[in-house]
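Taking it in order: structure first as structure tokens, then the write-up.
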Amino acid sequence: MASRVLLLSLILFSLFSPSSPLPSETIFDAVKILADSGYVSMSLTLEAISKSTLLTNSTSLTIFAPSDSAFIHSGQPSLSLLQYHFSPLLSPLQTLRSLPNAAKIPTLFAGHSLTVTTFPSDDGISLNNIKITRSPIFNQGFLVIFGIDEFFHLDFEVSVPVKSPEPNLGCGFPTANDTISFSGTSSFGKVSGLLRCSGYSVMAEFLNGFCFFWLSDILMAS
């Protein structure tokens, strides 16, 4: 298992180069849009932490902003609870829609993830059994913000039934005799499938999105 995790880390490291932190202008724009959209408490909170390492060390973020009524009911959140509403992965609406039920979304609160609780028959997206807004409040560069009506609960758990592996998924880790090439789009698909089969659904969708934008840039440049 440790060797598989190491292999996945090496694959991802070869694909992605370090990025710059979120621009302060983007943060300030988000502060204004949140206030104008009626999320005044979250706007003030984001402004207060704009110089903290919570944001200055982040290259991309998806923020789930509780409503003003949630702040009134629960009071000012602790740092750990606030971190629980920040995900280091950029998750636009199309990515969240594509995630299966029970998929995990990492947060800045170490060891705690959000859980996708959306079912195919649902007309919206829910995390930890709390619906998010149908469209982002803010979507600029590498920062996306969705609204929620209440704070996520840190102790949220969902029981997931154990399913037998489906045949012909093409799952498997490279052997010592295999070579990994990243010269074409098929390689992205193979790595994405490898991640999905290993339970890394969110990272697989992130990789698919990266491949899509990469292809778009190539087509536009040609």
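The values are calculated or read from the model by the stated rules, or taken from the named source; none is laboratory data. Bear in mind that the values here come from a model prediction, so they are computed numbers and not experimental data. Here the Cβ is made from the backbone with ideal geometry for all residues, glycine too, and neighbour counts use every protein chain on show. Side chains are part of the model used for accessible areas, which takes the heavy atoms of the whole protein and leaves out ligands, DNA and RNA. Shrake-Rupley method; radii C 1.70, N 1.55, O 1.52, S 1.80 Å.
For the range 45-61, which residues satisfy the criterion of being assigned to a helix (DSSP H, G or I) and surrounded by fewer than 16 Cβ atoms within 10 Å (Cβ to Cβ)? Walk me through how you get there before you give the answer.
Step one: list which residues in the range 45-61 are assigned to a helix (DSSP H, G or I), which gives 45-48, 53-56.
Of everything in the range 45-61, those that are assigned to a helix (DSSP H, G or I) and surrounded by fewer than 16 Cβ atoms within 10 Å (Cβ to Cβ) turn out to be A48, T53, T56.
Filtering S37, S113 for residues that are more than 19 Å from N139 (Cβ to Cβ), open to solvent by 40 Å² or more (accessible area, probe 1.4 Å) and modelled with pLDDT of 95 or more leaves a single hit, S113.
Residue count for the range 62-89 under the criterion of being in a helix (DSSP H, G or I) and under 20 Å from S52 (Cβ atoms): the result is 6. Residues in the range 135-156 that are in contact (Cβ under 8 Å) with a residue 12 or more places away in the chain and either part of a loop (DSSP other than H, G, I, E, B) or acidic (D, E) (or both): S135, P136, I137, G141, F142, D149, E150, F151, F152, H153, L154, F156.
Confirm whether F151 is modelled with pLDDT under 95, buried (at least 16 other Cβ atoms within 10 Å of the Cβ) and out of contact with any Cys (no Cβ under 8 Å at 6 or more places or on another chain). Considered against the rule, which asks whether it is modelled with pLDDT under 95, buried (at least 16 other Cβ atoms within 10 Å of the Cβ) and out of contact with any Cys (no Cβ under 8 Å at 6 or more places or on another chain), F151 comes out as no.
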